[in-house]
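*Asks:* Questions regarding the structure given below will be posed in turn.
The values are calculated or read from the model by the stated rules, or taken from the named source; none is laboratory data. On a predicted model such as this, the values are computed, not experimentally measured, just so you know. So basically every Cβ, Gly included, is an ideal-geometry build from the backbone, and we count neighbours across all protein chains shown. Just so you know, the surface numbers come from the protein's heavy atoms only, side chains and all, with ligands and any DNA or RNA stripped out. Shrake-Rupley method; radii C 1.70, N 1.55, O 1.52, S 1.80 Å.
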Amino acid sequence: MKLKSLLLTTFLLVTGCSIRQFPVKDSSSDTSTDSSSVSVISSASVPVVEDYASWVDSWSEEGHLYIHYKRLSANALEYNEWAIWIWQNAPYDLEGAIYCASDPAVQDIYHPMTDSWMTNIGASGSDFEPNGGRVADIDLKADIISGKSGKSVSFEGATKVGFLIPRQDSMDGSSHWISDGGANTYIYDFQDHFRENGSMHIYVQQGSVGDFSFGDSDVPIPSNPTVNDTTGAYVSENELMDVSSTDAYPNSIPETSQSFYNEAGIGYQIFVPSFADSNGDGLGDIRGIINSLDYLEELNVNALWLTPIQESESYHGYDITDFYKIDSKFGTEEDYLELLTTAHSKGIKIVMDFVVNHTSKNNIWFKKSQRASVEDNKEYRNMYHWRFKGDLVPKCTVFGEEYATWGMVKVENHSDWYRDGESDYYYFAKFGSGMAELNYDSQLTRDLVVEMANYWLDFGVDGLRLDAVKHIYMRDESQKPSTDNGDRATSNIVVDTGYRTFYDEELMKEETVSYDYSTDKLKNINFWKEFSFKVKEDHPNAYLVGENFDGWDQRVSPYYKALDSQFDFGLYYHNL
């Protein structure tokens, strides 16, 4: 403990002035700058930096991105196990390139741009920077080679850049990548974060990669106590045990808004990225919709449904990273308010896409849950499903169109539970590792979702298109399902199992896997009854339309206890 305390002390900012200290290797025993020869950061011969920002600028180069990565251990060799995977995500979603990949097997596959972390940083004699971490140097102007295809890729004109810090021994195609933080991390509004000298620096810490900073704030990067936990103490809790009760809320919602019922006869869906581009960047935007309102009025459109415009990671927008922010690629909050005001002046209502079955792993709710934050007595860990290695979870064992059987398996053996970075904890994500399922057995989840719905209804939207209404409670995410006998006709469990084939980019091959999208109908309806009543208490004219991707009338109709309307997918299923 004394050694660890001494090492940590060398990383601290000297109090009372703008001086920082940083460690260097003991030059009396080793004059090499090869990081592989160092096992522990040396605390000897610690020089003084009078002005950290100026010191960084002194060795930074224009057009370079520097990723400062700090691991919690002081073991220098540990950094050689990790690499940087980085790509342009917008306006073009390009292939990625790899840096600091020293493993020969990884080098053979991915064509690394550089094979080591920076050495002798700023001519300091140290391979570590003052915060105690290593630095990756990415020349954004270089001829960059994709880490997979060998094609040339570029960061020119990038507005959003994504990166991962993967462990190299998971990148040989034999398994899915293990990355620190377990999620793609994005630098939004990329061009806005370059320093005066034309360089960019971001600072990340083990276990909290998504909470990076640009080094311009004294706010510390939050730590993640779950990363090295071996006790299982951070398993999420389900405090709502009576969610199958049908008595909590009435069996029919308040009357549907008469203005919608009588006036909104013609609805028009807009897939925002492809509808109307107002600024020539190749992407549809809110301003383009505003400019098209006269055209839509001529079509006698009464209501517009816009696909998600909140900040997200993807082109489609169904993995929200910030529920309260308009994605900058579409415009601003002021643009959205102008759209609402102008549309209303023409008698056109706006229905907002409301995605609350799952979120991006970069959503602030997930980040807080990931590091088990407790704020104002709110236990964010419980907002998502968390299990510890070895815990048992439900899994379908017999597949069929009419019947299905579920057993219990270890969480690490269930394909819809994903390991969270380096930790021994797993989270549930039915629609892919990047879209974690919210836990609606937590009242905090229910309350925050209602709060967010009221925010946008207060803002001026007229209704909500509720995404994936039947998936709020999947059968295999529920520890205590409602009546479950596997019989489609009498069970509250709606069976939906089978097999699908897809190309797995990390395994680099085509995979055929079983799927189980079976849902708990009773629990779903009871949640939406609670949601509808709470929302309509404050907004009685709010219009709630559910996306219930199902072709069976008898399975869809019970949801009308909670919703004003639903999309009918009968034709799709009949065609299949």
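*Asks:* Given R₀ = 41 Å, FRET efficiency for residue 75-residue 374 by Cβ-Cβ distance, to 0.05?
*Replies:* The value I calculate is 0.85.
*Asks:* If the label point is 7 Å along Cα→Cβ of residue 172, which residues in the stretch 57-89 have backbone nitrogen under 18 Å from it?
*Replies:* 80-83
*Asks:* Anything in the chain that counts as a DSSP H helix reaching 27 Å or more along its axis (C-alpha) with Kyte-Doolittle mean of at least -0.5? List them, would you?
*Replies:* Span-like helices, by this rule, are absent here.
*Asks:* Using 0.36 nm per residue of separation minus the Cα-Cα distance, give me the extension gain between residue 300 and residue 333 in nm, one decimal.
*Replies:* That works out to 9.2 nm of additional length.
*Asks:* With a 1.4 Å probe and all protein chains left in place, how much of the accessible area of the chain comes from carbon and sulfur atoms, in whole percent?
*Replies:* 49
*Asks:* Give the residue from 384, 176, 347 lying farthest towards the positive end of the charge dipole for the chain; charges sit on Cβ (+1 for Lys and Arg, -1 for Asp and Glu) and the dipole is referred to the Cα centre.
*Replies:* Working it through, the farthest residue towards the positive pole turns out to be 384.
*Asks:* Work out the charge dipole of the chain with +1 on the Cβ of Lys and Arg and -1 on the Cβ of Asp and Glu about the Cα centre, then indicate which of 495, 186, 131 is farthest towards its positive end.
*Replies:* 495
*Asks:* With each label point set 7 Å from Cα along the Cα-Cβ vector, what nm distance links residue 119 and residue 213?
*Replies:* 3.1
*Asks:* Would you list which lysines come within 16 Å of residue 430, measuring only between C-alpha atoms, while excluding same-chain residues fewer than 8 positions from it?
*Replies:* 361, 395, 470
*Asks:* In whole angstrom, how far apart do the alpha carbon centroids of the stretch 288-324 and the stretch 64-118 sit?
*Replies:* Value for the Cα centre distance between the two parts: 37 Å.
*Asks:* Could you list which residues have their amide H under 5 Å from that of residue 352, counting only those 5 or more apart in sequence or on another chain, with H placed in the peptide plane?
*Replies:* Hits under the 5 Å cutoff: 462, 463, 464, 465.
*Asks:* How much accessible area per residue does the stretch 303-460 have, counting only protein heavy atoms and a probe of 1.4 Å, in square angstrom?
*Replies:* 35
*Asks:* Another question, if that's okay. Give the whole-number value, in cubic angstrom per residue, of the convex hull volume spanned by the C-alpha atoms of the stretch 386-544.
*Replies:* 144
*Asks:* Quote to one decimal, in nm, the extra length available between residue 459 and residue 192 on full extension: 0.36 nm per residue of separation minus the C-alpha distance between them.
*Replies:* Length difference between fully extended and current span is 93.3 nm.
*Asks:* So who's got an amide H within less than 5 Å of the one on residue 438, skipping anything under 5 residues away but keeping other chains? H placed 1.01 Å off N, in plane.
*Replies:* Amide H neighbours of residue 438: 358, 359.
*Asks:* HN-Hα J couplings of the stretch 119-136 from phi, Karplus 6.51/-1.76/1.60, θ = phi - 60°, integer Hz, Gly and Pro as x?
*Replies:* So the J values, rounded to whole Hz, are 10, 6, 4, x, 6, 7, x, 10, 8, 10, 8, x, 7, x, x, 9, 10, 9.
*Asks:* Keeping all protein chains in place, calculate the accessible area per residue for the stretch 89-230 (probe 1.4 angstrom), answer in Å².
*Replies:* Result: 41 Å² per residue.
*Asks:* Then there is this: Would you kindly give the portion of the calculated P(r) for the chain that falls above 41 Å, as a percent of all Cα pairs?
*Replies:* 31
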